Amino acid sequence: FNYAIELDSNNENAKHMLASVTADATMRRASNTYVTQLFEDYAENFEHSLVQELGYDGYQRLRRGFNRAFGGEEKVPKFKLVVDAGCGTGLVGEQFRNVSDHLVGADLSSSIINEALKARPNLYDETIVGDVTDVFKKLKPIDLIIAGDSYIYFGDLNPLFESMNEGLADGGFASFTLENPAKEYEENLSTSKPDWRWQLQPSGRFAHSKDYVISVGTDNSLRTIHYEAMDGFRKEGKNDVRGHIFIMQKHSSTAKEL
C-alpha cells in the first residue's frame, strides 16, 4: 500500500487499507472517495455477495430489534419522513417500507442506487446521491433514520450524530447497526485500552464500543431506548462477524418519548 501511495498520492483505497492493516488510530472516518469507489465497483454484485455468499441478515435483525423497542410489530407507528442512510440496494428500506409514508434512499454511490431502483423499483419515493450528514440537514425534520451497516465507515461518530440530531424532528428515532470486534480482540482492547472508542479493522470497516456509542448519543440528545448484540450477522472469511443494534430517540421536552 505504501508503494501504491508513492505512485499515486491520491490513491484513497491504498491510504484506507494501509490505515486498516496498521490499525491507524488517527483515521476518524473513511473518505467519501474511498467509500464511493468501493460501491461503484461492487454495485452490480453487491447484494448477491452480501446475502448469498456472506450470509448477511442484519437488515432483517434491525427491523426485528426495532419492533421489540416498541413492544411488538403491531405497536410500531407510521413515520411521515424516513431516510434510509447508506441505502445500498434497499435491503433495509424494504424492511421499513410498511411504516414509512415517504421513504428516501440516500447513498454516496449512484451505481448502487441504480441497482436499488432496478431491484426494487417501487421502494423509494425519492433517492439522493450524497453524504448522509448533508442529507440529514437538507431534509429536516426527519421522523426516522434507518442505517444498516453504513455507519461502519465512520470511526469518530460525533460529527455523524451531530448531523442526526440536527436532522431529526423532536422525538424522532434513529435505528442503526454497527460492528463489534472479534471477541478475543475486544478482550485484548479492553485490557490494553479500557476506554477504547472505535477501532479500524483489517476489513477496512470500523468497530465501535457499545459504551462509546451510547455516550456519543447522549452528548447529542439521542437517548438509547433499545440495544441488542447482533453476533453472526455476516461472515468474514470463515468467521462470524459481531455487531450491535441501537435504537435511539431524540430527546424532546414536548414530544412523547418511549
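Residue count for the range 54-80, restricted to those that are surrounded by 19 or more Cβ atoms within 10 Å (Cβ to Cβ), outside any helix (DSSP H, G or I) and touching a Ser or Thr at 6+ places or on another chain (Cβ under 8 Å): 1. A count restricted to the range 25-53 and to residues that are free of Cβ contacts under 8 Å to residues at least 24 places away in the same chain, open to solvent by less than 60 Å² (accessible area, probe 1.4 Å) and closer than 21 Å to residue 242 by Cα stands at 1. Apart from one condition, residue 183 fits all of (1) at pLDDT 95 or above; (2) charged (D, E, K, R); (3) touching a strand residue (DSSP E or B) at 6+ places or on another chain (Cβ under 9 Å); the exception is (1). If the condition is being in a loop (DSSP other than H, G, I, E, B) and over 29 Å from residue 170 (Cβ atoms), then the range 100-118 contributes only 109. For the structure I just gave you, tell me whether residue 233 is over 14 Å from residue 69 (Cβ atoms), surrounded by 13 or more Cβ atoms within 10 Å (Cβ to Cβ) and modelled with pLDDT of 95 or more. Spelling it out, residue 233 is indeed over 14 Å from residue 69 (Cβ atoms), surrounded by 13 or more Cβ atoms within 10 Å (Cβ to Cβ) and modelled with pLDDT of 95 or more. Once the range 236-248 is narrowed to residues that are part of a loop (DSSP other than H, G, I, E, B) and without any contact (Cβ under 8 Å) to a residue 24 or more places away in the chain, the residue that is nearest to the chain's Cα centre (by Cα) is 237. Within the range 54-79, the set of residues being touching a residue at least 12 places away in the same chain (Cβ under 8 Å) and over 20 Å from residue 169 (Cα atoms) comprises 54, 55, 56, 57, 58, 59, 60, 61, 62, 63, 65, 68. Just one residue in the set 162, 166, 126 is open to solvent by 20 Å² or more (accessible area, probe 1.4 Å) and over 25 Å from residue 221 (Cα atoms); that residue is 126. Per the conditions (1) open to solvent by 70 Å² or more (accessible area, probe 1.4 Å); (2) touching a helix residue (DSSP H, G or I) at 6+ places or on another chain (Cβ under 6 Å); (3) not aliphatic (A, V, I, L, M), the sole criterion not satisfied by residue 224 is (1). Across the range 195-221, which residue is most open to solvent (accessible area, probe 1.4 Å) among those that are under 24 Å from residue 60 (Cβ atoms) and basic (Lys, Arg)? Selected residue: 210. Scanning the range 236-258 for residues that are of a type in the set (Gly, Ala, Ser) and surrounded by fewer than 17 Cβ atoms within 10 Å (Cβ to Cβ) yields 237, 252, 253, 255.
The requirement of being within 15 Å of the chain's Cα centre (by Cα), within 17 Å of residue 131 (Cα to Cα) and part of a strand (DSSP E or B) is fulfilled nowhere in the range 89-99; no residue meets it.
The values are calculated or read from the model by the stated rules, or taken from the named source; none is laboratory data. What you are looking at is a predicted structure, and each value in this text was computed from that prediction instead of being measured. Glycine also receives a Cβ, built like all others from the backbone with ideal geometry; neighbour counts cover every protein chain displayed. Only protein heavy atoms, including side chains, enter the accessible area calculation; ligands, DNA and RNA are left aside. Shrake-Rupley method; radii C 1.70, N 1.55, O 1.52, S 1.80 Å.
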